[in-house]
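Okay, so here's the structure we're looking at.
The values are calculated or read from the model by the stated rules, or taken from the named source; none is laboratory data. On a predicted model such as this, the values are computed, not experimentally measured, just so you know. Reconstructed Cβ throughout: ideal geometry from the backbone, glycine too, with neighbour counts over all protein chains shown. Protein only, heavy atoms only, side chains kept; ligands, DNA and RNA dropped before computing areas. Shrake-Rupley method; radii C 1.70, N 1.55, O 1.52, S 1.80 Å.
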Amino acid sequence: MTEERYKQAAAGAWIGIAGNLALALLKGVTGYMANSKALMADAFHSASDVVGSVAVLVGLRAAKRPPDEDHPYGHGKAEPIAAIVLSVLLLVVGVEIGISAAKSIYGGVHEPPEGFALTVLILSIIVKEAMFQYKFRLGKKLASQALIANAWEHRSDVYSSIAAFVGVGGAMLGSYFGNAYLYYLDPIAGLVVAVMVLRMGYRLLMDSVHSTMDHVLHQEDAADLLDTVQRIKGVIAVDQLRAREHGHYVIVDVKISVNPRISIQEGHDIAKIVKHTLMKRFLHVSDVFVHVNPYDAGYPYKSADSEPDDMPTVLH
């Protein structure tokens, strides 16, 4: 991870920590004073975002460390691991919110929340959507799995605040129309928030686990890499190209064919150009391993009866 990338990603994480902490405190105090189970549930959701942003920051700091003897490919997987921590946290918080809301429904609801809870929920929706847009775009720009996961956390908080808004508003309408059954909309909204949190936590957990497994990019995702190598002077053909995701960055393994009549030094130079071109043009490519083969179209260099050549090829 470059120093500039780390600074931008860390700034995004700190903004998430500050924003979520302020919202969690505001919604928690307001929910308690307004007697709103939905708003209290939403406050717990924002509080989970604080811990999640801290996990992202820890992951970013680990990913910043340079490669060493035990981790020759760097520490990039620290970010998806941090995202896994965030996802598990979401699942735990979702269960707790659901249990609390269910207890309120079972125990009965005798009065609606206070009206000022709606003002806080509107403010929360606006702030959380702004934080989502900022972090999601920053995560895409920096190719950061953990930042993107944290951004979706903000978006899930927007949805939970909307659900809480509907619940609180409906309960207040119950007071206006004299219908006590509408009071239950507030804890029901808390249950809806719990389900949304559990769904988001599960999806993020699956995505994060997938990202830790060095999976190969799909053909359409690696098309630009392949096209770039094919255009490099001296490369006759690209025999194989695999791009492995390693945390927030990509490691490319490519086999190229060159003129069999050139020298080893010339083949080595072509391989260096391939590596440097890919790493310069694609910021998410952290390393490239090039395997150089002599070009063989079958004719005239070799007949069908020829014995296979066991001589080693040039490796980088």
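Observations on the structure shown:
- Under 5 Å between amide hydrogens, built in the peptide plane, is the criterion, and for ALA237 it picks out SER257 among residues at least 5 positions away or on other chains.
- The portion of the accessible surface of the range 116-190 made up by carbon and sulfur, rounded to a whole percent, is 72 (1.4 Å probe; DNA, RNA and ligands excluded).
- Scanning residues 5 or more positions from ILE232 or on other chains, none has an amide H under 5 Å from its amide H, with H placed 1.01 Å from N in the peptide plane.
- Along the range 252-264 the Karplus relation, 6.51 cos²θ - 1.76 cosθ + 1.60 evaluated at θ = phi - 60°, assigns HN-Hα couplings of 9, 10, 9, 10, 10, 10, 10, 4, x, 8, 7, 7, 4 Hz to successive residues, with x for each Gly and Pro.
- Cα-Cα over 31 Å, subset of LYS141/LYS255; LYS37/LYS135; LYS135/LYS255; LYS135/LYS233; LYS140/LYS272: LYS135/LYS255; LYS135/LYS233
- Residues in the range 90-170 average 44 Å² of solvent-accessible surface per residue, probe 1.4 Å, ligands and nucleic acids excluded.
- Each residue of the range 87-103 was assigned a 3J(HN,Hα) from its phi angle through the Karplus curve 6.51 cos²θ - 1.76 cosθ + 1.60 (θ = phi - 60°); the sequence is 5, 5, 4, 4, 4, 5, 5, x, 5, 5, 5, x, 5, 5, 5, 4, 4 Hz, with glycine and proline shown as x.
- Stretchable slack from ASP253 to ILE15, in nm (0.36 nm times residue separation minus alpha-carbon distance): 82.0 nm
- 3J(HN,Hα) along the range 32-45, derived from phi through the Karplus expression 6.51 cos²θ - 1.76 cosθ + 1.60 where θ = phi - 60°, amounts to 5, 5, 8, 6, 10, 5, 5, 5, 5, 4, 5, 5, 5, 4 Hz, with x in place of Gly and Pro.
- Calculated FRET value between GLN265 and LEU226, using beta carbons and R₀ = 30 Å, to 0.05: 0.70
- Farthest toward the positive end of the dipole of the range 98-196, out of ALA130, ILE105, LEU147, is the Cα of LEU147, where the dipole comes from beta carbon charges about the Cα centre.
- Counted residue by residue at 0.36 nm each, then reduced by the alpha carbon distance between them, the extension gain from THR277 to TYR181 reaches 27.9 nm.
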